[in-house]
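These notes are about the structure you will find just below.
Quick note: the coordinates plus some simple rules give every number you see, no bench work behind them. Bear in mind that the values here come from a model prediction, so they are computed numbers and not experimental data. Don't worry about glycine lacking a Cβ; one is built from the backbone with ideal geometry, like all the others, and counts go over all protein chains shown.
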Amino acid sequence: MKLDFGTHVDGHIVDSAFTVAFNPIFDPLLEASREATNTGIKESGIDVCLCDVGAAIQEVMKSYEVEINGKEGEFFAIETFASTGKGYVREDLECSHYKKIFDVGHIPLRLPRAKQLLATINKNFSTLAFCRRYLDRLGETKYLMALKNLCDAGIVQPCPPLCDVMGSYVSQSEHTILLRPTCKEVISRGDDY
């Protein structure tokens, strides 16, 4: 079971995730995720290239060979997925999550319903990710065509599930770090996780 949770205060996002397995056969997979995430945190810092952090994470992931049958003041989510599959994810299945693209300029919309839905998204989510269930809870109805219009216009980005090969198992680990002038702070880590 993967648990991915987060929150924001005034737009500052903290995100964290972990995986729990009730069968010890999955322990190496979970340990690969945890160690790779911790390696990503350790390797991160001011003026460190993200590709170097990614390479360190990938090295840890590959070392497990699991078989089962930045800039100062910036926040980064170190998020790793260990897999018994090929290790390459692809977008698959039905999409239920979306987010408004951060730096999109003004794009004229012809559909009044798309304009109204965009106003709801701006007011309630800004550029934070949201799912269709949240729109339902806000009382939005019959919005799928308007949402598709916003996606087609490049205003909203769909975030479909990421899947590896059929039948593979995937574990996840994640922490959020803040790069300070003299240190990096893991802001999602506490006494209990």
For residues that are in contact with a Gly (Cβ under 7 Å, 6 or more places away or on another chain) and more than 13 Å from residue 172 (Cβ to Cβ), scanning just region 1-43, find the one that is surrounded by the fewest Cβ atoms within 10 Å (Cβ to Cβ). 13
Among 122, 149, which is the only one that is in a helix (DSSP H, G or I) and surrounded by fewer than 13 Cβ atoms within 10 Å (Cβ to Cβ)? 122
For region 170-185, does any single residue satisfy the condition of being under 20 Å from residue 1 (Cα atoms) and exposed (fewer than 14 other Cβ atoms within 10 Å of the Cβ)? no
With among the small types (Gly, Ala, Ser) and exposed (fewer than 11 other Cβ atoms within 10 Å of the Cβ) as the only criterion, which of 85, 105 stands out? 105
